[in-house]
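Working notes for the structure below.
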Amino acid sequence: MENKIEYHTLRIGDINQSFIQSGSGEPLLLIHGFPQHSHMWRKIIPELAKHYLVIAPDLRGMGGSSITPTGYEKENLAKDIQALIAILKLNEIYLVGYDHGGGVAYSLAAQFPDLIKKACFIEYTPPGFGYEYGLKPVPDWQAWQLAFFTVPEVAVQFIMGRERELLSWYFWHWSYNPDAIGQEDFEIYVRQLQKPGALKAGFAHFAAVFADTEHFAETSKTKLKIPVLALGGDNGAGHFMVLGWQQLAEDVSGGSIPKAGHWIADEQPEELTKRLISFFT
């Protein structure tokens, strides 16, 4: 019998915290990136929920969670997630962070090490340990948005009303299979970015890079002692993931997932699920 996926929203501190939940057993927390939200895990939750209690929150500013004027630094976003964990009374968590959610996951593991049993980081290395190279202009600058979005007011001025065009570029440019994200899912992401304030909130995750760099310079002074799995797509960050995370954790394994770009949970959900279950069990 397939586990039901339940949608919840709790008022925690200054935000409405939205999350989805499925399954039972040891807790497994999935943290999404931009321009997606918890919906990005839809292909892998059913199988993971056969083994774990799966919790997939929406970070503030995204999905069903509150859009706030401030609070998008990874240190603060991690505290949002810790507050949710406390409300749900979870401990010894298996943790997965993808894209900018990888930074939130790393901050969570660094700030609250007793909460986390193992962690997987997908398609993300923190600023100061790899991310910063994407900020620098180079020929055929593929990651131009990392710098452009650090000025949210300007980015919103140019992109508001063209959310569909932005996502078309994103999902095509960073994929191995450009059809991996279907039209129905695409429209869900477009609708989320079209909400009042959502575009600026999404860009605020990028604008926080300077505060994040200082935060991670401090957290990196003590390496993570938990086992870490670092994964990336062959056509994404795969070849750099292990090298990046070896700077931040003592026990790192992982590598590339074939026939995948940045959108691994969409492009290779079965392979990703298999690797997560193998690592966590």
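Observations
- Residue count for region 257-281, restricted to those that are modelled with pLDDT of 95 or more, open to solvent by 30 Å² or more (accessible area, probe 1.4 Å) and not in a helix (DSSP H, G or I): 3
- Odd one out for SER253, checked against (1) within 24 Å of GLU26 (Cβ to Cβ); (2) part of a helix (DSSP H, G or I): (2)
- Residue in region 36-52 that is within 19 Å of ALA208 (Cα to Cα) and of a type outside the set (Lys, Arg) present: yes
- Scope region 43-83; condition within 27 Å of GLN268 (Cα to Cα), open to solvent by 30 Å² or more (accessible area, probe 1.4 Å) and touching a residue at least 60 places away in the same chain (Cβ under 8 Å); matching residues: LYS43, GLU47, HIS51
- Note on region 104-145: residues that are more than 25 Å from LYS274 (Cβ to Cβ), touching a residue at least 60 places away in the same chain (Cβ under 8 Å), of a type outside the set (Ser, Thr, Tyr) and not in a loop (DSSP other than H, G, I, E, B) total 6.
- The set of residues in region 30-64 being over 15 Å from the mean Cα position of the chain (by Cα) and in a loop (DSSP other than H, G, I, E, B) consists of LYS43, ALA49, LYS50, HIS51, TYR52, GLY64.
- Some residue of region 224-233 being assigned to a helix (DSSP H, G or I) and open to solvent by 60 Å² or more (accessible area, probe 1.4 Å): no
- Filter result for GLU26 (at pLDDT 95 or above, over 19 Å from the mean Cα position of the chain (by Cα) and over 25 Å from ARG191 (Cβ atoms)): yes
- Subset tally (residues that are surrounded by fewer than 18 Cβ atoms within 10 Å (Cβ to Cβ) and assigned to a helix (DSSP H, G or I)) for region 160-173: 6
- Test result for ALA201, open to solvent by less than 10 Å² (accessible area, probe 1.4 Å), in contact with a Gly (Cβ under 9 Å, 6 or more places away or on another chain) and either without any contact (Cβ under 8 Å) to a residue 60 or more places away in the chain or more than 12 Å from THR125 (Cα to Cα) (or both): yes
- Filtered by the rule that a residue be small (Gly, Ala, Ser) and not in a helix (DSSP H, G or I), region 175-218 gives SER175, ALA180, GLY182, GLY197, ALA208.
- Per the listing PHE210, PHE206, the residue uniquely surrounded by 15 or more Cβ atoms within 10 Å (Cβ to Cβ) and aromatic (Phe, Trp, Tyr) is PHE206.
- Evaluated against (1) more than 22 Å from LEU10 (Cα to Cα); (2) open to solvent by 10 Å² or more (accessible area, probe 1.4 Å), ALA86 falls short on exactly one condition, (1).
- Among the residues of region 126-142, the ones that are within 19 Å of ILE226 (Cα to Cα) and open to solvent by 20 Å² or more (accessible area, probe 1.4 Å) come to 1 in all.
- The sole residue among GLN194, GLN157 that is at pLDDT 95 or above and either surrounded by fewer than 12 Cβ atoms within 10 Å (Cβ to Cβ) or farther than 19 Å from HIS32 by Cβ (or both) is GLN157.
- Residues in region 89-125 that are in contact with a Gly (Cβ under 6 Å, 6 or more places away or on another chain), open to solvent by 10 Å² or more (accessible area, probe 1.4 Å) and over 15 Å from ASP212 (Cβ atoms): GLU123 alone.
The values are calculated or read from the model by the stated rules, or taken from the named source; none is laboratory data. This is a predicted model, so every value here is computed, not measured. Positions of Cβ are backbone-derived with ideal geometry, glycine not excepted, and every protein chain shown enters the neighbour counts. Note: accessible area is taken over every heavy atom of the protein model, side chains too, but ligands, DNA and RNA are not part of it. Shrake-Rupley method; radii C 1.70, N 1.55, O 1.52, S 1.80 Å.
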